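Undergrad: Just dropping this structure here.
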Amino acid sequence: MILDHKEQEQLTQILATLKNEIIIQACLGNDENSHYVKIFLDELAKRSSKISIEAAILPRTPAFCLSRKGQKARITFAGLPFGREFPSFLRALQEVDSIEPLSKGRMAKRLKEIEVPLHFETYVSLTCKNCSVIVQELNELALLHSKISHMMIESKAFVQERFEKNIFSVPTVLLNGEVISSGRKSGEEILDIALGRFSIEAFQSKGTFDLLIVGGGPAGCSAAIFAARKKLSVGLLAETMGGKLQDIASIENMIGYPFIKGTQLMDEIDIHIGQYAIDQMKNQRVIQLIKEDQLIKVRLANGAILKAKAVVLAVGASWNKLNIAGEAELFNRGVAHCSHCDGPLFENKKVAVIGSKNQAVQGAIELANYAKHVFVLTHSDNVKADKILVEHLLSLKNVTVITRANVREICGREHVEGLVYKQGILNKTEFLSLDGVFVQIGFAPDTKWLINSRINLNHKGEICVDERGMTNIEGIFAAGDCTNLPYKQIVLAMAAGCTAALSAHSYLLHQ
Ligand SMILES: Cc1cc2nc3c(=O)[nH]c(=O)nc-3n(C[C@H](O)[C@H](O)[C@H](O)COP(=O)(O)OP(=O)(O)OC[C@H]3O[C@@H](n4cnc5c(N)ncnc54)[C@H](O)[C@@H]3O)c2cc1C
């Protein structure tokens, strides 16, 4: 058995609670992966008389699906659901047994809109924290609606297939065979995409908000709660709820929580926000602000326009880009940012990390666990990270540091095949053959879309605010990482969200 002691205990506990007969239909071959899946399934059957294994033909080998006896299976695991997916498997087992999602169907009321079959497939890596969230939520949806089915696909067990489909990032979700989402998203957001919800028509009846908040990270969520407590009518627009919290493996400076995962903190915030009448419009990108008389019009990427008396911008910051040929074209096809999520997809491959500060060096060290070789390219003379990290990096046998490297192009047709860089000393153009490129050169505020808005931005693109979180335009406030305030931290983003919301309230009182 390949499970550790704690996992074995968890499995024993769950198996002991099963009330119904669970049928596992398995499609196995003679390959090594099938061998391990077989060991795992045999062990389950051995440990519980409620579990029966049947041979079946499924779209992938190895794969197995779970159902209660006499019912159609709608949850499938292709490959072994171990690591971060082991809780997904346990949860699926419990839910199939009880036919009741553990979250009590937060998304249940939305399912009435489903008329056609929706088959979701999620490519995961077993170390990706964002993947298991999607897997668990899509599994729940599959249990809630007979037209929905879901298959988790363990990326390392289906390397060839992934290459053919150009999937180089997890979690990647397909709906009826088409990629609909890459990167972190909640099940609810995936459902929004699948249902095409939030069409322009859905916005037409919304009227004028007192306050619209753009951004669903710590700053935006804090602003929303403070504004709702002042009884303002509040709308919260977010491309990705949680913002960067979704990317943080551990937070140790959130006062009151000596340790908390970013996703856990987001879950807590989600519950908190849910206690107020805040109109949450997730998975929406704002592309323009227009101030007309006393109203601010907010234009969304889908074409809809919302109106508000005041706006808080809490759009945060995103990974910096190199802005070189091939970077955008090959994004998620070998070009990536998150070594923690996407690293395992590059097992035994050659990858490059571009950057030399702490984040990049930590990323390179992590990647060295999986990759055959890691090249760290920096345009400076040396690696700029903390000494302890640099020493660790340089001690790794499968790491090469290339200094004074000016990366010119990321090359590849269907996926990354290499990069071209110019070496400072020799001024010579070199080609490095690679399978992946991790761009880790810091963050920039997500404010490019505001350049023509008349809102003052500084030379870094940060929104200039005063001590009340006010921009130079009346009624428009800003908070968090997207502003010119120093130090980019969660507690500061939350505090700034509070300031902006209270200032907006005060502004509205004087209107
Ligand atoms: C790897 C990593 C580790 C970190 N660790 C810590 C830590 O341990 N402790 C700590 O205090 N801080 C940490 N930080 C920093 C912390 O995450 C940020 O300071 C904080 O998330 C900022 O919050 P925010 O709300 O301003 O922005 P974000 O969290 O970036 O949220 C921005 C929000 O705006 C949305 N958005 C952006 N543009 C648009 C648009 N045009 N339309 C609609 N929505 C939009 C995004 O989807 C998102 O919802 C870490 C950051 C990273 C990347």
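Undergrad: Using Cα-Cα distances under 8 Å and only pairs 6 or more residues apart, what relative contact order does the chain have, in percent? Don't skip to the answer; put the middle values down first.
TA: Working: 1099 pairs, mean separation 59.7, N = 511.
Dividing the mean separation by the residue count of the chain yields 12 percent.
Undergrad: What number, in percent, do you get for the relative contact order of the range 31-92 if the mean sequence gap of Cα pairs under 8 Å and at least 6 apart is divided by its residue count? Please report the intermediate quantities before stating the final value.
TA: Details: 46 pairs, mean separation 17.5, N = 62.
Here the relative contact order equals 28 percent.
Undergrad: Using a 1.4 Å probe on the protein chains only, how many percent of the accessible area of the chain belongs to carbon and sulfur? Before the final figure, lay out the partial values.
TA: Values: 11650 of 23310 Å².
Roughly 50 percent of what the probe reaches on the chain is carbon or sulfur.
Undergrad: Related question: Given the range 286-403, what percent of its DSSP beta bridges are antiparallel, to the nearest 5?
TA: Numbers: 10 of 20 bridges.
If we restrict to bridges inside the range 286-403, about 50 percent are antiparallel.
Undergrad: Taking 0.36 nm per residue of sequence separation and subtracting the Cα-Cα distance, how much length would be gained by fully extending the chain between Q294 and E414, in nm to one decimal? Write out the running numbers ahead of the final one.
TA: Working: separation 120, 0.36 × 120 = 43.20 nm, distance 4.97 nm.
Additional length available on full extension: 38.2 nm.
Undergrad: Sticking with this structure for a sec: Is the C-alpha gyration tensor of the range 5-195 telling us rounded, prolate or oblate? Criteria: a/c under 1.5 is rounded; beyond that, a/b larger than b/c is prolate, otherwise oblate. If you can, show how the numbers build up before the last one.
TA: Details: a/c = 1.56, a/b = 1.16, b/c = 1.35.
Cα axes put the range 5-195 in the oblate bin.
Undergrad: Would you mind calculating the gained length between N166 and E347 on full extension (0.36 nm times residue separation, minus the Cα-Cα distance), in nm to one decimal?
TA: Values: separation 181, 0.36 × 181 = 65.16 nm, distance 1.59 nm.
The N166-E347 span can extend by a further 63.6 nm.
Undergrad: Now a separate question. With +1 on the Cβ of every Lys and Arg and -1 on the Cβ of every Asp and Glu, and nothing else charged, how large is the dipole of the range 253-315 about its Cα centre, in debye rounded to the nearest 20?
TA: Roughly 300 debye for the range 253-315.
Undergrad: Additional query: Find which of F375, Q359, N348 sits farthest along the positive direction of the dipole of the range 330-443, computed with +1 on the beta-carbon of Lys and Arg, -1 on that of Asp and Glu, about the Cα centre.
TA: The residue sitting most towards the positive pole is F375.
Undergrad: Roughly how many Å² is the accessible area per residue of the chain, as a whole number, for a 1.4 Å probe? Before the final figure, lay out the partial values.
TA: On the way: 23310 Å² over 511 residues.
Averaged over the residues of the chain, the accessible area is 46 Å².
Undergrad: Which lysines, if any, have their Cα less than 17 Å from the Cα of K244, not counting same-chain residues under 8 positions apart?
TA: K129, K185, K261, K282, K321, K488
Undergrad: For the chain, what number results from the quotient of the Cα radius of gyration and 2.2 N^0.38 Å?
TA: On the way: Rg = 24.4 Å, N = 511, 2.2 N^0.38 = 23.5 Å.
Expressed relative to 2.2 N^0.38 Å, the Cα Rg reads 1.04.
Undergrad: Would you work out the relative contact order for the range 335-439, in percent, from Cα pairs under 8 angstrom that are 6 or more residues apart?
TA: Numbers: 234 pairs, mean separation 31.3, N = 105.
Computed value for the range 335-439: 30 percent relative contact order.
Undergrad: Place a +1 charge on the Cβ of each Lys and Arg in the chain and a -1 charge on the Cβ of each Asp and Glu, then give the dipole magnitude about the Cα centre in debye, rounded to the nearest 20.
TA: 580
Undergrad: Using a basic spin-label model with each label point 7 Å from the Cα along Cα→Cβ, how many nm lie between L175 and I57?
TA: A separation of 3.0 nm, rounded to one decimal place.
Undergrad: Based solely on its DSSP helices, what 222 nm [θ] is calculated for the chain when runs of n ≥ 4 H residues each add -39,500 (n - 2.57) and the sum is averaged over all residues, nearest 500 deg cm²/dmol?
TA: Working: 13 runs with 145 residues, N = 511.
Helix contribution divided over all residues of the chain: -8500 deg cm²/dmol.
Undergrad: Ranking request for peptides 291-297, 304-310: highest mean number of other beta-carbon atoms within 10 Å first, then the rest in descending order. Mind dumping the intermediate values first?
TA: Details: 291-297: 12.9, 304-310: 20.1.
Per-residue Cβ counts within 10 Å, averaged per peptide and sorted highest first, yield 304-310, 291-297.
Undergrad: Also, quick follow-up: Once Lys and Arg get +1 and Asp and Glu get -1 on their Cβ, which of S52, A26, H150 lies farthest toward the positive end of the dipole of the chain?
TA: H150
Undergrad: How much length is gained on full extension from E115 to L396, taking 0.36 nm per residue of separation minus their Cα-Cα distance? Could the numbers behind the result be given before it?
TA: Numbers: separation 281, 0.36 × 281 = 101.16 nm, distance 5.41 nm.
Answer, rounded to one decimal: 95.8 nm.
Undergrad: If you count the DSSP beta bridges with both ends in the chain, what percent of them are antiparallel, to the nearest 5?
TA: Once the DSSP bridges in the chain are tallied, antiparallel ones form about 45 percent.
Undergrad: What's the ranking of 417-428, 165-176 by average number of surrounding C-beta atoms within 10 Å, highest first?
TA: Values: 417-428: 15.2, 165-176: 21.5.
Most protected by this proxy first, the peptides run 165-176, 417-428.
Undergrad: Next question. Can you work out the FRET efficiency for the pair H459 and Y36, with r the C-beta to C-beta distance and R0 = 51 Å, to the nearest 0.05? Mind showing how you got there, number by number?
TA: Working: r = 54 Å, r/R0 = 1.07.
Result of the calculation: an efficiency of 0.40.
Undergrad: About its Cα centre, what dipole magnitude does the range 335-439 give when the only charges are +1 on Lys and Arg Cβ and -1 on Asp and Glu Cβ, stated in debye to the nearest 20?
TA: 300
Undergrad: On the first, second and third principal axes, largest extent first, how far apart are the outermost C-alpha atoms of the range 345-480 in Å?
TA: Over the range 345-480, Cα extents along the principal axes are 56, 36, 33 Å.
Undergrad: Now, a different point. Put +1 on the Cβ of every Lys and Arg and -1 on every Asp and Glu Cβ in the chain; which of S433, L41, G243 then has its Cα farthest towards the positive end of the dipole?
TA: Ranked along the dipole, the leading option is G243.
Undergrad: Can you tell me how the range 151-195 classifies by the Cα gyration tensor, rounded, prolate or oblate, using a/c under 1.5 as the rounded cut? Provide the component values of the computation, followed by the final result.
TA: Working: a/c = 2.27, a/b = 1.90, b/c = 1.19.
Prolate.
The values are calculated or read from the model by the stated rules, or taken from the named source; none is laboratory data. The structure presented is a predicted model; accordingly, all values stated were derived computationally and were not measured. Cβ coordinates were reconstructed from backbone atoms using ideal geometry, including for glycine residues, and neighbour counts include every protein chain displayed. Calculation scope for accessible area: heavy atoms of the full protein, side chains included, ligands and nucleic acids excluded. Shrake-Rupley method; radii C 1.70, N 1.55, O 1.52, S 1.80 Å.
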